[in-house]
Amino acid sequence: MSSEAVYLVGGAVRDELLGLEVRERDWVVTGSTPEALLKRGYRQVGASFPVFLHPETAEEYALARTERKQGHGYHGFSVDFHPGVSLEEDLERRDLTINAMARDARGGLIDPFGGQEDLDKRLLRHVSPAFTEDPLRVLRVARFAARFSHLGFLVDAGTLQLMRDITASGELQHLAEERCWSELIGGLSAQTPSVYLDVLRECGALAVLLPEVDRLFGVPQPEQYHPEIDTGVHVQMTLDYAARQGYPAEVRFALLLHDLGKGLTAPEEWPSHHDHEKTGLPLVRDVCARLRAPTAFRDLAVIVSELHVLCHRAEELRPSRLLALLEQADLLRRPERLEPFLQACESDFRGRKGLEQRPYPQTNTVKAALEAVAAVKPASMELEGLSGEQIGLKIREARIEAISHQRR
């Protein structure tokens with residue numbers, strides 16, 4: 001049996017060389033077995049291949065392994081992790097050269113595929129032709145491009161061609177929903193999410209995975225309200241605005257889907273998109289169902305799609321219509337939705353060419369209206385002798401009056 005050795009690998013090595021904060025550390029163990037690690041108190045967490053948690057640090061330790069494609073999807077791999085698998089063999093199965101570096105116990109850099117040179121060149125390049133064996137790598141490369149775009153990283157032309165080949169092969173259709181979801185949210189959560197969409201479009205993957213979003217590119221909007229004109233570009237601008245503000249993933253997902261209805265507008269009606277906020281709702285629900293989006297993500301995406309235009313008009317709405325906005329967004333019962341809803345609406349309003357800094361007083365208007373409504377306490381009202389319908393009407397009148405009073 002080979003003597004055991006432990007190496008720091010992957011993202012920790014990459015980020016340290018880039019001068020970035022190392023958030024987590026992963027390790028590869030050569031010359032060992034599952035039994036040997038278990039005997040020392042490591043806890044196994046990998047099902048398809050042995051990954052272990054260190055008994056003290058809880059960091060991940062994986063036995064060096066090779067993988068060979070045998071079928072479709074995530075489980076279509078034959079994995080070999082015998083003690084004779086070398087570190088270089090383990091690194092060779094990785095996606096990008098910048099993720100295929102390691103450090104030994106003395107801190108020495110092990111870089112068999114030119115990862116450090118590609119870091120210097122700001123290049124995202126595949127390690128080997130085996131890159132095409134895992135279709136998820138298309139989404140991963142797009143995510144890394146979005147994450148490191150601000151540092152000047154670009155996707156290597158050869159790698160981009162392999163991504164096109166994967167898309168053309170139909171392999172993307174075999175990706176598990178949970179893996180697609182994880183990578184999608186990772187891309188949207190990156191520093192420049194617009195680049196995530198750019199890369200997916202460039203290799204054809206966006207049209208396969210999110211055709212509802214892909215068809216927005218090239219659809220014009222009125223220049224008076226959208227100087228950027230192109231609907232797809234507008235969606236990208238809203239995402240980048242939300243990223244600059246540090247808004248959470250559920251806000252960015254809602255922005256990704258908020259204008260899907262514009263993709264259904266007949267070309268002869270362009271650049272107008274009458275009632276797009278309503279016509280897009282079935283598409284929003286379809287996308288959420290297909291991706292198995294968590295309930296909170298789905299619910300926010302639905303109310304943002306349906307109500308973002310109404311929220312933009314908050315300053316001019318009558319008190320009764322402003323109350324209807326709060327009710328339709330279910331903010332009286334779910335006040336925790338208020339902040340992400342307004343963040344998404346603000347991002348939509350400001351995600352337009354040259355208009356990123358214009359005021360959005362609608363945020364304070366809606367917040368003040370909800371506070372006024374919340375201060376109405378039915379328990380303190382004279383409701384004795386009234387029917388259920390009369391009680392509801394009286395409470396509603398009191399809420400409308402509260403909003404009206406607050407706006408005076």
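Quick note: the coordinates plus some simple rules give every number you see, no bench work behind them. Not measured: the values here are computed from a predicted model. Positions of Cβ are generated from backbone atoms using ideal geometry, with glycine treated the same way; all protein chains shown enter the neighbour counts.
Got a sec? How would C311, C288, C345 order by Cβ neighbour count within 10 Å, fewest to most? It would help to have the intermediate numbers written out before the result.
On the way: C311 25, C288 19, C345 28.
In increasing order of surrounding Cβ atoms, one gets C288, C311, C345.
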*asked:* Quick one: 3J(HN,Hα) in Hz for the range 96-109, Karplus 6.51/-1.76/1.60 with θ = phi - 60°, rounded, Gly and Pro as x.
replied: 10, 4, 6, 9, 10, 10, 8, 10, 7, 4, 9, x, x, 7
_For the range 262-372: relative contact order, % (alpha-carbon pairs under 8 angstrom, 6 or more apart)_ = 25
*asked:* Strictly under 4.7 angstrom between C-beta atoms: which cysteines of the chain have no such partner?
replied: C180, C203, C288
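Test of the criteria: in the range 297-375, which chymotrypsin sites (Phe, Trp or Tyr not before Pro) are in a DSSP loop and have at most 11 other Cβ atoms within 10 angstrom of their Cβ?
On the way: sites: F297, F341, F349; in loops: none.
Here no loop site has a sparse enough neighbourhood.
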_Going by average Cβ density within 10 Å per residue, which order do the peptides 228-239, 254-265, 374-385, 15-26 take, highest to lowest?_
254-265, 228-239, 15-26, 374-385
*Pick out, in residue order, every one of the GluC sites (Glu not before Pro) in the range 278-380 that is DSSP loop and has at most 15 other C-beta atoms within 10 Å; say none if there are none.*
E356
*Stretched out fully, how many nm does the piece from H174 to D15 gain, at 0.36 nm a residue minus the Cα gap?*
54.1 nm
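Over the residues of the range 1-114, compute the C-alpha Rg and express it relative to 2.2 N^0.38 Å.
Working: Rg = 14.0 Å, N = 114, 2.2 N^0.38 = 13.3 Å.
It is 1.05.
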*K262: which lysines have alpha carbons under 28 Å from its alpha carbon, excluding same-chain residues fewer than 8 sequence positions away?*
K278, K353
*List the pair-distance distribution P(r) of the range 66-225, using every Cα-Cα distance, as the percent of pairs falling in each 10 Å bin from 0 up to the bin containing the longest distance, rounded to whole percents.*
10, 35, 35, 15, 4, 1, 0
*Between A374 and H312, what length in nm is gained on full extension when 0.36 nm per residue of separation is reduced by their alpha carbon distance?*
20.1 nm
_List the lysines whose Cα sits under 30 Å from the Cα of K377, skipping any in the same chain fewer than 8 residues away._
K367, K394
*Peptides 245-253, 192-200, 51-59: what's the order by average Cβ count within 10 Å, highest mean first?*
192-200, 245-253, 51-59
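Are there any trypsin sites (Lys or Arg not before Pro) in the range 312-367 that are in a DSSP loop and have at most 14 other Cβ atoms within 10 Å? List them by number. Each step should come with its number before you reach the end.
Working: sites: R313, R321, R333, R337, R350, R352, K353, K367; in loops: R313, R333, R352, K353.
Loop-located and lightly packed - R313, R333, K353.
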*Please list the non-local residues whose amide H lies under 5 Å from the amide H of D26, H modeled 1.01 Å from N, same-chain partners needing a gap of 5 or more.*
V9, A12
*Could you give the length gained on full extension between E268 and S86, defined as 0.36 nm per residue of separation minus the Cα-Cα distance, in nm?*
59.3 nm
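Can you check how the C-alpha radius of gyration of the range 176-305 compares to 2.2 N^0.38 Å, as a plain ratio?
On the way: Rg = 13.8 Å, N = 130, 2.2 N^0.38 = 14.0 Å.
My calculation over the Cα atoms of the range 176-305 gives 0.98.
Given the peptides 156-166, 387-397, arrange them by the average over their residues of other C-beta atoms within 10 Å, most packed first. Each step should come with its number before you reach the end.
Values: 156-166: 17.1, 387-397: 12.0.
Taking the mean over residues of other Cβ atoms within 10 Å, the ranking is 156-166, 387-397.
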*In cubic angstrom, how much convex hull volume per residue do the alpha carbon atoms of the chain span?*
188
